[in-house]
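Read through the structure below, which is laid out as structure tokens, and then see the notes.
The values are calculated or read from the model by the stated rules, or taken from the named source; none is laboratory data. Quantities reported herein were computed from a predicted structural model and do not represent experimental measurements. When we count neighbours, we look across all protein chains shown, and the Cβ atoms used for this are built from the backbone with ideal geometry, even at glycine. For accessibility, only protein heavy atoms count, side chains too; no ligands or nucleic acids. Shrake-Rupley method; radii C 1.70, N 1.55, O 1.52, S 1.80 Å.
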Amino acid sequence: GYPNPFRRSTEVRFGVPERVEVEVVVYDAVGRLVCSLVRKSCEPGYYRVRWDGCDDLGRAVASGIYFVRFHAGNWTRTKKAILIR
């Protein structure tokens, strides 16, 4: 994501070459699901989604290291995001 580290929010960018089910989720450092940013079918193209440093219930999470996992079809990629409050 950009920026990284971030204070208020970070933007996750991704692209898909064909229509595919996409999942973009955030996990904490011990592997617990923090929030789901995207869980839908996406048409070919480029996308941006913003993570505001909150969990699925809208509660601000603590400063720390988080992992943003992107999964589309048979492809998975995980990137580190550092939140500083």
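The table that follows gives values for the structure above.
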read-out: Residue, farthest from Y66 (Cα to Cα), within the range 20-47, restricted to residues that are charged (D, E, K, R) and loosely packed, with under 11 Cβ neighbours inside 10 Å; value: E43
read-out: Y66 vs. criteria at pLDDT 95 or above, open to solvent by 80 Å² or more (accessible area, probe 1.4 Å) and either on the phi > 0 side of the Ramachandran plot or not β-branched (V, I, T) (or both); value: no
